[in-house]
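Asker: Got a structure for you, questions after.
The values are calculated or read from the model by the stated rules, or taken from the named source; none is laboratory data. Because the structure is a prediction, the values reported are computed rather than measured. Note: ideal-geometry Cβ built from the backbone for every residue, glycine included; neighbour counts use all protein chains shown. Each accessible area value is taken on the protein alone, full model and side chains, heavy atoms only, with ligands, DNA and RNA left out. Shrake-Rupley method; radii C 1.70, N 1.55, O 1.52, S 1.80 Å.
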Amino acid sequence: MIEHFFSPNAVAIIGASREEGKVGHDVLKNLITCGYEGKVYPVNPKADNILGIKTYPSLREIKGIIDLAVIVVPAPHVLAMVDECYAQGIDSIIVISAGFKESGIEGAARERELLQKIRQYSMRMLGPNCLGLIDTKSALNVSFAADMPAPGNIAFISQSGALCTSVLDWAMHECIGFSKFISMGNKTDINEADLIQVVENDDQTKVVLGYLEGVNNGTAFMDAARKITREKPMILVKSGGTVAGAKAASSHTGTLAGAENAFDAAFKQSGILRARTIEELFDYARIFSQQPLPKGPRIAIITNAGGPGIIAADAVERSTLKMATFSKDTLDILRSSLPAMANVYNPVDVLGDAKADRYQFVVEKVLEDPHVDMVLIILTPQAMTEIEKTAEAIGEIANRTSKPVVTSFMGGKRIGASLKVMCQRKVPNYSFPERAISAVEAMYKYTLWREKPIPEIKKIPVQREEVVSVFKKVRQAGRQSLGEDEAKEVISVYGFRIPKSIFAASEAEAAQAAGEIGYPVVAKISSPDILHKSDFGGVVVGIKNDAEIRRFFCEITQKARRLVPTAEVRGILVQQMITGGKEVILGMSRDPQFGPLLMFGLGGIYIEVLRDVTFRIAPIGLHEAEEMVHEIRSLPLLKGVRGERPADIRALTDHIVRLSQLVTDFPEIMEMDINPLMVFPNGDGTMAIDARITIS
């Protein structure tokens with residue numbers, strides 16, 4: 001049914017208006033003046049004719065088949081109009097009207113009732129509270145936007161109608177066209193995942209842009225995005241994340257996670273390029289729409305001014321790109337043809353007196369070099385510079401090369417005419433070199449994503465029944481937090497090695513347990529209500545004899561009862577003391593939109609201070625686990641410094657995958673930490689020293 005939204009044979013505008021400035025008037029005017037060739041049925045009980053078209057008092061008076069209805073009536077009347085649409089056999093509707101959940105409690109109730117009707121009638125609905133949509137292929141404009149975009153290869157999907165109008169205005173100024181322009185509004189029915197599938201199958205669409213404030217179904221969104229980004233780049237701005245992460249959390253992972261990290265992980269795993277600003281969104285849109293993808297990271301810079309060339313080179317060094325090293329043939333021909341003062345190495349300085357022919361010669365020769373994957377051309381408007389002719393020459397070359405070409409013509413008044421030339425020739429220009437480098441880097445990252453193998457997720461055989469039994473006992477006790485011994489029992493089922501540990505309810509039992517384990521030992525408070533044991537001195541390490549273990553039993557339990565009087569204090573855990581490994585943390589916090597958000601980072605007591613962590617949405621495979629390990633800044637510590645043996649990174653990545661399967665197998669796990677996980681020298685594996693789990 002969704003195809004009726006983009007290529008309908010007949011459209012009804014319910015709430016069409018005779019008054020200019022009314023939304024119902026603008027929507028109808030756009031539909032009939034932008035070239036739509038299907039049938040148009042305005043509906044207004046108080047008018048016989050609007051804009052020269054016969055107008056109907058109600059849908060019931062229309063005899064023809066209607067594929068799409070656009071509703072532009074006050075919110076309290078929308079539900080009745082949906083009933084009329086159903087009676088007329090209309091299966092696709094756009095509700096432009098506002099006054100739903102965005103307006104308060106009453107509007108939210110109205111929106112729930114609207115969705116109930118849509119589901120009951122097996123309809124599909126865009127909106128409510130949206131700008132409408134535009135499809136340039138069918139010349140369909142059922143929006144109240146001020147302009148009709150030129151046909152092009154970009155599809156734009158947005159939750160914000162106001163942003164849509166700004167993007168349209170910008171695009172007309174930049175000579176950029178669109179295939180589809182869709183305002184989702186409140187996303188009550190049709191959401192971003194549905195629309196991603198639409199543009200994936202659209203031959204007119206080469207690039208997908210979007211603005212999101214949230215997603216309705218994280219899993220469906222990621223599945224749709226993973227599929228489309230193998231063929232078409234998707235660039236999104238995500239807003240509204242700074243407050244969402246502020247929530248109460250009992251685990252380190254829960255404290256550090258938050259919605260922004262979940263979205264970053266989801267975008268990374270789905271091949272989505274995240275634009276941090278609207279300016280970046282425009283920058284990326286321009287280059288992806290107009291230029292071919294680079295085959296590699298090697299960029300050549302050509303400039304008529306030394307300073308901007310150095311600035312560009314600095315930007316390259318800070319990025320994932322590389323400065324291209326020219327072949328001997330290229331260097332020889334540049335050296336023999338350019339003035340003696342010119343720099344023939346990258347960046348190539350063609351000097352301030354360079355005219356169009358010198359630029360053209362250098363650009364052509366550099367692009368011919370097999371060691372160059374892309375070219376940035378910088379121009380500053382000096383007295384002898386042939387600005388427009390240079391733009392013409394660059395445009396002609398860019399249109400016959402398979403390598404991306406971008407420019408940074410720096411200035412204002414003097415470069416105005418040249419920007420129009422490059423706009424027409426589809427050569428993206430950036431005001432400053434750093435923005436150009438950022439844009440070509442985005443293209444290179446997308447090239448890497450397309451080459452990346454699809455993750456392979458293998459199931460590890462485990463005795464799931466043992467975990468089910470532990471969770472059942474915890475629930476029967478009226479608890480949500482597992483004790484440390486229970487948490488360790490759960491993770492041991494999934495292959496985590498744990499130190500020998502014995503529960504002691506008295507001084508005598510503590511001494512006996514320590515004797516069995518062998519000194520030195522560690523003593524930890526045992527309480528399902530105290531998760532951060534070290535915060536109040538609930539952990540003592542290096543206990544050497546019976547006298548010490550008895551004394552610390554009393555100190556730890558008494559302090560716990562004094563500082564946390566509501567806690568159930570059972571006794572202590574006497575644990576084998578483990579040394580010689582590197583401390584890391586593995587964790588999970590269940591995100592409301594994307595599900596289990598895995599965390600990995602440097603462990604121990606400094607986790608929330610250093611925040612050297614990385615995230616992924618589970619389930620993940622071994623390759624993604626390896627990426628997590630290699631993303632942290634403290635990776636050199638794991639690889640070994642100053643003669644230390646490297647840590648067993650293979651075992652570490654294996655255990656990240658095991659954690660991924662655990663939290664995927666048991667959706668009732670809301671938060672968990674394994675902190676620290678000791679990673680021993682290569683070949684010696686890992687050991688989980690402490691663990692905490694909270695279930696729903």
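Asker: Divide by every residue of the chain the summed helix terms, -39500 (n - 2.57) for each DSSP H run of at least 4, and state the resulting mean residue ellipticity at 222 nm, rounded to the nearest 500 deg cm²/dmol.
Answerer: Values: 23 runs with 267 residues, N = 696.
Value at 222 nm, helices only, nearest 500: -12000 deg cm²/dmol.
Asker: Nearest 0.05, what FRET efficiency do Val609 and Glu279 give at R0 = 35 Å with Cβ-Cβ as r? Each step should come with its number before you reach the end.
Answerer: Numbers: r = 33 Å, r/R0 = 0.95.
The calculated FRET efficiency here is 0.60.
Asker: Now, a different point. Just want the answer: with Cβ charges of +1 for Lys and Arg and -1 for Asp and Glu, which residue in Thr219, Gln382, Ala647 is farthest toward the dipole's positive end in the chain?
Answerer: Highest projection toward the positive end goes to Ala647.
Asker: log₁₀ I(q)/I(0) of the chain at q = 0.09, 0.10, 0.12 Å⁻¹, via Debye over equal Cα point scatterers, no solvent, to two decimals?
Answerer: -0.93, -1.03, -1.19
Asker: Treat every Asp and Glu Cβ in the range 577-696 as -1 and every Lys and Arg Cβ as +1, leave all other atoms uncharged, and give the resulting dipole magnitude about the Cα centre to the nearest 20 debye. Each step should come with its number before you reach the end.
Answerer: On the way: 11 positive and 17 negative charges, 63 e Å.
Using only the charged Cβ atoms, the result is roughly 300 debye.
Asker: Follow-up question, since we're still on this one. May I ask you to list the trypsin sites (Lys or Arg not before Pro) in the range 551-584 that are in a DSSP loop and have at most 11 other Cβ atoms within 10 Å of their Cβ?
Answerer: Counting only loop positions with at most 11 other Cβ atoms within 10 Å, none of the trypsin sites (Lys or Arg not before Pro) in the range 551-584 qualifies.
Asker: Which whole-number value in Å² is the accessible area per residue of the chain, probe 1.4 Å?
Answerer: Details: 29430 Å² over 696 residues.
For the chain, the per-residue accessible area is 42 Å².
Asker: What distance in nm lies between label points placed 7 Å from Cα along the C-beta direction at Met323 and Asn682?
Answerer: That separation, rounded to one decimal, is 3.3 nm.
Asker: For Ala691, which sequence-distant residues (separation of 5 or more, or a different chain) have an amide H within less than 5 Å of its own amide H, given hydrogens modelled in the peptide plane?
Answerer: Asn675
Asker: Right, something else. So which of Lys232/Lys268; Lys232/Lys459; Lys187/Lys268 end up more than 22 Å apart, counting from Cα to Cα? Could the numbers behind the result be given before it?
Answerer: Values: Lys232/Lys268 15 Å; Lys232/Lys459 31 Å; Lys187/Lys268 24 Å.
From Lys232/Lys268; Lys232/Lys459; Lys187/Lys268, over 22 Å: Lys232/Lys459; Lys187/Lys268.
Asker: Zone of Ala162 (label point 7 Å along Cα→Cβ, backbone N under 15 Å): which residues in the range 129-152?
Answerer: From the range 129-152, the list is 130-131.
Asker: Between Lys389 and Glu631, what's the calculated FRET efficiency when r is the beta-carbon distance and R0 is 60 Å? Round to 0.05. Show your work: numbers first, answer last.
Answerer: Details: r = 47 Å, r/R0 = 0.78.
Efficiency for this residue pair is about 0.80.
Asker: So, one more: Return the ratio Rg/(2.2 N^0.38 Å) for the range 7-107, where Rg is computed over Cα atoms only. Let's see the in-between values first.
Answerer: Numbers: Rg = 13.2 Å, N = 101, 2.2 N^0.38 = 12.7 Å.
Compactness ratio reported: 1.04.
Asker: Which one, Gly52, Tyr345, Ser660, is farthest towards the positive end of the dipole of the chain when Lys and Arg carry +1 and Asp and Glu -1 on their Cβ?
Answerer: Most positive-ward Cα: Ser660.
Asker: With +1 on each Lys and Arg Cβ and -1 on each Asp and Glu Cβ, how big is the dipole of the range 492-583 about its Cα centre, in debye rounded to the nearest 20? Please list the in-between numbers first.
Answerer: Details: 12 positive and 10 negative charges, 31 e Å.
Magnitude of the dipole: close to 140 debye.
Asker: Mind ranking 616-623, 298-305, 492-499 by how tightly packed they are, going by the mean number of other C-beta atoms within 10 angstrom, highest first? Mind dumping the intermediate values first?
Answerer: Values: 616-623: 20.2, 298-305: 25.6, 492-499: 18.4.
Highest mean packing first, the order is 298-305, 616-623, 492-499.
Asker: Same structure again: I'd like to know which of Ile176, Ala547, Gly132 lies farthest towards the positive end of the charge dipole of the chain, counting +1 on Cβ of Lys and Arg and -1 on Cβ of Asp and Glu.
Answerer: Selected residue: Ala547.
Asker: What is the packing order of peptides 268-278, 92-102, taking the mean over residues of other C-beta atoms within 10 Å and listing the highest first? Don't jump to the answer; show the numbers that get you there.
Answerer: Numbers: 268-278: 18.5, 92-102: 23.4.
Ranking the peptides 268-278, 92-102 by packing returns 92-102, 268-278.
Asker: Name the residues whose placed amide hydrogens come within less than 5 Å of the amide hydrogen of Ile617, ignoring near sequence neighbours (fewer than 5 apart) on the same chain.
Answerer: The list, which skips near neighbours in sequence, is Leu598.
Asker: Also, I was wondering about something else. Roughly to the nearest percent, how much of the accessible area of the range 82-230 is carbon and sulfur, given a 1.4 Å probe? List each step's numbers first, then the result.
Answerer: Details: 2500 of 5370 Å².
Heavy-atom surface of the range 82-230 belonging to carbon and sulfur, 1.4 Å probe: 47 percent.
Asker: Here is a follow-up. Report the label-to-label distance for Lys46 and Lys22 in nanometres (one decimal), using points 7 Å from each Cα along the Cα→Cβ vector.
Answerer: Each label point is offset 7 Å from its Cα along the Cβ direction, giving 0.6 nm.
Asker: A 32 angstrom limit on the alpha carbon distance is what I want to check against. Which of Lys29/Lys420; Lys472/Lys533; Lys29/Lys101; Lys458/Lys524; Lys559/Lys639 exceed it?
Answerer: Details: Lys29/Lys420 30 Å; Lys472/Lys533 25 Å; Lys29/Lys101 28 Å; Lys458/Lys524 36 Å; Lys559/Lys639 40 Å.
Flagged as over cut-off: Lys458/Lys524; Lys559/Lys639.
Asker: Explain nothing, just the number: dipole magnitude of the chain about its Cα centre with +1 on each Lys and Arg Cβ and -1 on each Asp and Glu Cβ, in debye rounded to the nearest 20. Numbers along the way, then the final one.
Answerer: Values: 79 positive and 84 negative charges, 42 e Å.
Charge dipole of the chain: 200 debye, to the nearest 20.
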